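I have placed the structure first, in the form of structure tokens, so that the comments after it can refer back to it.
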Amino acid sequence: MTLRDLTKVIGLPVVFASLCCLSPVILVLLGLSTVTFAGSLADTLYGDYKWVFRSLGLVLLIISLILYFRKKGVCTLDLAKKRRNEIMNTTLLVFIGAVGGYFFFLYIVVEYAGKILKIWE
């Protein structure tokens, strides 16, 4: 699995898992929300509903892994049994990359974007 493939597989799930804090930033950037409302929305979404966004990200990650293996020609259980080591290694790599990408994107990129926009003080 190349870095490009890894980015394709984990990109969308990481963004969806980060939507609890990314959506207020997007609303402020588009001019659809005030900073005060965005801060309140971020507190509500991250405090009460972060498990929903993380679950959605996990489901999307599993779906993107299935689609990745289907494109690689693993469509039956017999082929999956034959390529078990490759599937396990790729899955482990994807999950480690997704967790790292989630922490980087949410706690560095989105956090600093929120601080620049003064959503979080």
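Just so you know, all these numbers are worked out from the coordinates, no wet-lab data involved. Model, not experiment: these values are computed from the prediction. Methodologically, a virtual Cβ is constructed for each residue, glycine included, from the backbone with ideal geometry; neighbour enumeration extends over all protein chains shown.
Here are a few things to note about the model shown:
- Lysine pairs in the chain whose alpha-carbon atoms fall under 19 angstrom of each other, counting only those eight or more residues apart or on distinct chains, come to 6.
- Shown in residue order for the stretch 70-87 are the 3J(HN,Hα) couplings computed by the Karplus curve 6.51 cos²θ - 1.76 cosθ + 1.60 at θ = phi - 60°: 5, 5, 7, x, 8, 10, 10, 5, 5, 5, 5, 5, 5, 9, 4, 5, 5, 5 Hz (x for Gly and Pro).
- The charge dipole of the stretch 3-116, taken about the Cα centre with unit charges on the Cβ atoms of Lys, Arg (+1) and Asp, Glu (-1), comes to about 640 debye, rounded to the nearest 20.
- Across the chain, the volume of the C-alpha convex hull divided among the residues equals 106 Å³ per residue.
- In the chain, a dipole from Cβ-located charges (positive for Lys and Arg, negative for Asp and Glu) runs towards its positive end, and of Thr36, Val9, Tyr107 it is Val9 whose Cα lies farthest in that direction.
- Counted charge near Leu19, where neighbours are those whose Cβ lies closer than 13 Å (Asp, Glu -1; Lys, Arg +1): +2
- Helical mean residue ellipticity (222 nm; -39500 (n - 2.57) per DSSP H run of 4+; nearest 500) of the chain: -25000 deg cm²/dmol
- Residues Leu30 and Asn89, FRET efficiency given R0 of 35 Å [Cβ-Cβ distance, rounded to 0.05]: 0.30
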